[in-house]
Amino acid sequence: PDITLMAWHRRATDAVPPFFAVADPDVLRERATTLGLDIKVATAMPDTASGIFPNALPVLPLTRSTPHTAGRSSISVAESVIEAIDLAVTLAMSGKASAVVTNPIAKEPLLKAGFAHPGHTDYLGVLAHRSTGHFAQPVMMLWSEELAVVPVTVHIPLAQVPRVLTTGLIVSTARVTIRDMQERFGIARPRLAVCGLNPHAGENGTLGSEDAEIIAPAIDLLRSEGVTVTGPHPADTLFHPEARTRYDVALAMYHDQGLIPLKTLAFDTGVNVTLGLPFIRTSPDHGTAFDIAGTGKARPGSLIAALKLAARLSGMSPA
């Protein structure tokens, strides 16, 4: 709620594109009061939101109220969170919304409520399949003006990465990445740089065999398909300024390998983009920050960047 309100409050100074929230209007009204923001919250439908946006935060109400206390995770809001995601995707798939921009969700209460997915990205793939009948491989890309990274394995324990990482998974992730970089970002021949898994990319097998046995064959196959791809690269030499000029997207083998450099370079402006879906979805690159909820200390920069990128990818604003 905090960053949603703050993003609307900065609509003029930060050139925030028009958006409407799928939420409980009363929660947003109460939080605006808590934060000392003079913001009018108005209920809206998708076709009326743009007209309302200049003067009030337009909100499409949920069917469930979501009483809660700022900064406290509660299982009671799980159904409302899921309803909001479902409704947003339905609106995007029907063309009533240009894109879905999701705020961070707390995974723990959702899982306790029986949510059977590790997070947003996996669930969005399920919703896309339900809507179209076609399987979608959702791929998480963290994007900023400075760096774009795609982790091949995402929200799994580090100990499981070598077991989950396969040549096929690397290839399919790269194919989705290439297609969306071409179709949505307008890069005709995207350049991929692939990280190794082990220190020094395995150093010819002396520091691990996965780089030669799993990652290198994936790169060879992609190269045979005409993809501009290099690697496997030692990850510790792939993210300095000169190295970043040689590729458009880096494929990391696990979550922190790619997200640490991205968030170091662009913590307040990084955007989580889901590739491989039949609709545009972006999100801030950070979590729920319960420790500062309702205090006014939250920074809306990443949400604003996510809104701007969604508008750009959907054709609402120039690239």
#### Entry: Most mobile of VAL194, VAL152, VAL81 in a GNM of the chain (Cα contacts under 10 Å)
VAL81
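Please sort by residue number the chymotrypsin sites (Phe, Trp or Tyr not before Pro) in the stretch 218-289 whose DSSP state is loop and whose Cβ has at most 14 other Cβ atoms within 10 Å.
Numbers: sites: PHE239, TYR247, TYR254, PHE267, PHE279; in loops: PHE239, TYR247, TYR254, PHE267, PHE279.
Hits after loop and neighbour filter: PHE267.
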### Message
Can you give me the % of accessible surface on the stretch 133-209 that is carbon or sulfur? Probe 1.4 Å, all protein chains present, nothing else counted.
### Response
55 percent
### Task
State, to one decimal in nm, how far the label point of ILE75 lies from the label point of THR33, with both points 7 Å from Cα in the Cβ direction.
3.0 nm
## Note on the structure
Length gained, HIS200-ARG64, 0.36 nm per residue minus C-alpha separation, equals 43.7 nm
### Message
Quick check: pseudo-label points 7 Å beyond the Cα along Cα→Cβ at THR230 and THR43, how many nm apart are they?
### Response
5.7 nm
### Task
Would you calculate a helix-derived [θ] at 222 nm for the chain, using -39,500 (n - 2.57) for each DSSP H run of n ≥ 4 and dividing by the full residue count, to the nearest 500?
-10500 deg cm²/dmol
#### Entry: Lysine pairs within the chain, Cα separation less than 28 Å, 8 or more sequence positions apart or different chains
11
### Query
Evaluated at 4 °C with a viscosity of 1.567 mPa s, what Stokes-Einstein diffusion coefficient in µm²/s does the chain have when Rh comes from the Kirkwood expression over alpha-carbon pairs?
63 µm²/s
### Task
First measure r as the distance between the Cβ atoms of THR13 and LEU265, then evaluate 1/(1 + (r/R0)^6) with R0 = 30 Å and state the FRET efficiency to the nearest 0.05.
0.80
### Whole-number percent relative contact order across the chain, with pairs defined as alpha carbons under 8 Å at least 6 apart
23 percent
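Mind checking the full-extension length gain between ALA116 and ARG223? Use 0.36 nm per residue of separation minus the Cα-Cα distance, one decimal, nm.
Contour length minus the Cα-Cα distance gives 34.9 nm.
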### Task
Place +1 on the Cβ of every Lys and Arg and -1 on the Cβ of every Asp and Glu in the chain, take the dipole about the Cα centre, and give the residue among LEU197, ILE214, PRO261 whose Cα lies farthest towards its positive end.
PRO261
### Query
For THR245 and ILE156, FRET efficiency with R0 = 25 Å and r from the beta-carbon atoms, rounded to 0.05?
0.20
### Task
List, in order, the whole-Hz ³J(HN,Hα) value for each residue of the stretch 130-138 obtained from phi through the Karplus relation with A = 6.51, B = -1.76, C = 1.60 and θ = phi - 60°; use x for Gly and Pro.
4, 6, 9, x, 10, 5, 10, 9, x
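Order the following by accessible area, largest value first: TRP143, TRP8. Probe radius 1.4 Å; ligands, DNA and RNA are ignored. Walk me through the numbers before you get to the answer.
Values: TRP143 35, TRP8 10 Å².
Sorted by accessible area, descending: TRP143, TRP8.
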### Task
Take the solvent-accessible surface of the protein heavy atoms, probe 1.4 Å, and return the percent of it on the stretch 1-125 that carbon and sulfur atoms account for.
52 percent
#### Entry: Inter-label distance for SER209 and LEU169, nm, one decimal - labels placed 7 Å from Cα along Cα-to-Cβ
1.8 nm
### Query
Which residue, GLN137, GLN182, GLN257, has the most motion in a Gaussian network model of the chain that connects Cα atoms within less than 10 Å?
GLN182
### Query
Among PRO58, PRO46, PRO17, which one shows the biggest mean-square fluctuation in a GNM of the chain, springs joining Cα atoms closer than 10 Å?
PRO46
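Express the accessible area of the stretch 173-238 per residue in Å², computed with a 1.4 Å probe while the remaining protein chains stay in the model. All intermediate terms of the calculation are to be shown ahead of the outcome.
Details: 3200 Å² over 66 residues.
The answer is 49 Å² per residue.
The values are calculated or read from the model by the stated rules, or taken from the named source; none is laboratory data. Keep in mind it's a predicted model, so treat the numbers as computed, not measured. Cβ coordinates were reconstructed from backbone atoms using ideal geometry, including for glycine residues, and neighbour counts include every protein chain displayed. Just so you know, the surface numbers come from the protein's heavy atoms only, side chains and all, with ligands and any DNA or RNA stripped out. Shrake-Rupley method; radii C 1.70, N 1.55, O 1.52, S 1.80 Å.
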